[in-house]
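Enquirer: Got a structure here, written out as structure tokens. Questions coming.
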Amino acid sequence: MATIADTRPTAPKTGRDRGPRPARRRSRLTLRSTLIGWSFILPNFLGFAALTLVPVVTLFYMSMTNWNVFGSSAFVGLANFQRLLGDGSFRIALLNTLYYAVLHIPLTMVVALGLALLLNNKLRGVAFFRTAAFFPYITSIVAIAVVWNLLFSPEYGPINEILRFFGLQNPPGWLTSSEWAMPAVVIISTWRDMGYYMILFLAGLQTVPRELHEAARVDGANVWQRFVNVTLPCLRPTTFFVTVMLTINSFKIFDLILVMTQGGPGQSTLVLSQFIYQKGFQENQFGYASAASIVLFLLCIVVTLVQFFINKKRDA
């Protein structure tokens, strides 16, 4: 028989009575969320560590050693960098790299932006022309070398034939001339890269509000004024990205020069990447080549940081 005490409602349990279950549940959820996050990050991080981070750290160590593939490494400190300062071939490669970058960066930007402005209009067959402009970027570098070697042939090439037709009696030797080899490489490289950067500028042009152009047109601005005062300011983020990418790729130019000139005639087209390749893989001086790689790495870092500083100062 139930008593009055048995039928009385029991008081609800307080947080102190329930114990640490909610805390354990929260910690379990936090751990689960952390593991899920790491499961997404870990594959990419492992690839970055194995293919980028570890080789870069190893490169810094190798640059301070006298090491080749067939022998043991000996730590030499900064001797490789001191040797670079007195190496005439290294100085030539550095100057040629800067020469190439100074020509290639502005020329490619101007051509790519011009193509983007032209192909941003509603023209018949615009998709075909966009594809045709981008096609050289994905073409085999060997095929590009064969075709342009024929075009730049000093005696039978169509380019010099056209120049002779217009009255130039002694056209350049192009790839066979130490004076004209680097400008010829710049022309080929610009033709090859312009399609890729044209796509980037096209993407930037799609973000320019049409209302700004219409307002400028109503105010009486002509085409050039609308381009300078409306289009270019709106393209500043895209232009900055293109400039950074072009600069880094210009300093790292290697494949085109390797198949076109192999650094010649003489050392007129020898660049830093070619110098590193020769010292490391042809002369088996991997410690010395690593030191030159560090110089190229620091050059890219410094120039990129300067570009970021200038861009940040403009936005301020």
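The values are calculated or read from the model by the stated rules, or taken from the named source; none is laboratory data. Here the structure is a predicted model, which is why all the values come from computation and not from measurement. Don't worry about glycine lacking a Cβ; one is built from the backbone with ideal geometry, like all the others, and counts go over all protein chains shown. The protein model used for the area step is the full one, side chains on, heavy atoms only, and it has no ligands, DNA or RNA in it. Shrake-Rupley method; radii C 1.70, N 1.55, O 1.52, S 1.80 Å.
Enquirer: Could you please let me know if P43 is surrounded by 11 or more Cβ atoms within 10 Å (Cβ to Cβ) and under 24 Å from the mean Cα position of the chain (by Cα)?
Expert: In short, no.
Enquirer: Any idea which of (1) part of a helix (DSSP H, G or I); (2) open to solvent by 80 Å² or more (accessible area, probe 1.4 Å) is the one T58 doesn't satisfy?
Expert: Among (1) part of a helix (DSSP H, G or I); (2) open to solvent by 80 Å² or more (accessible area, probe 1.4 Å), T58 violates only (2).
Enquirer: Assuming V302 fulfils every condition listed in (1) in contact (Cβ under 8 Å) with a residue 24 or more places away in the chain; (2) among the β-branched types (V, I, T); (3) farther than 13 Å from S89 by Cβ apart from one, which condition is it?
Expert: So V302 meets the others, but not (1).
Enquirer: Another question, if that's okay. Within region 278-310, can you find the residues that are of a type outside the set (A, V, I, L, M, F, W, C), in a helix (DSSP H, G or I) and surrounded by 17 or more Cβ atoms within 10 Å (Cβ to Cβ)?
Expert: In the first step, residues of region 278-310 are kept if they are of a type outside the set (A, V, I, L, M, F, W, C); the result is 278-280, 282-285, 287-288, 290, 293, 304, 307.
From what is left, the residues that are in a helix (DSSP H, G or I) are 278-280, 282, 287-288, 290, 293, 304, 307.
Across region 278-310, the qualifying residues are Q278, K279, G280, G287, Y288, S290, S293.
Enquirer: Ok, one more. Inside region 152-175, can you point out the residues that are of a type in the set (A, V, I, L, M) and crowded, with 16+ Cβ neighbours inside 10 Å?
Expert: Listed by number, the residues that qualify are I159, L175.
Enquirer: Can you report the number of residues in region 133-150 which are assigned to a helix (DSSP H, G or I) and either of a type in the set (S, T, Y) or open to solvent by 50 Å² or more (accessible area, probe 1.4 Å) (or both)?
Expert: 9
Enquirer: Could you tell me which of the residues T65, T97 is open to solvent by less than 50 Å² (accessible area, probe 1.4 Å), of a type in the set (S, T, N, Q) and more than 30 Å from V185 (Cα to Cα)? Before the answer, list the steps.
Expert: Values: T97 fails: more than 30 Å from V185 (Cα to Cα).
Exactly one residue qualifies, and that residue is T65.
Enquirer: So which residues in region 249-258 are of a type in the set (A, V, I, L, M, F, W, C) and crowded, with 16+ Cβ neighbours inside 10 Å, if there are any at all?
Expert: At the first step, the residues of region 249-258 found to be of a type in the set (A, V, I, L, M, F, W, C) are 251, 253-254, 256-258.
Matches in region 249-258: F251, I253, L256, I257, L258.
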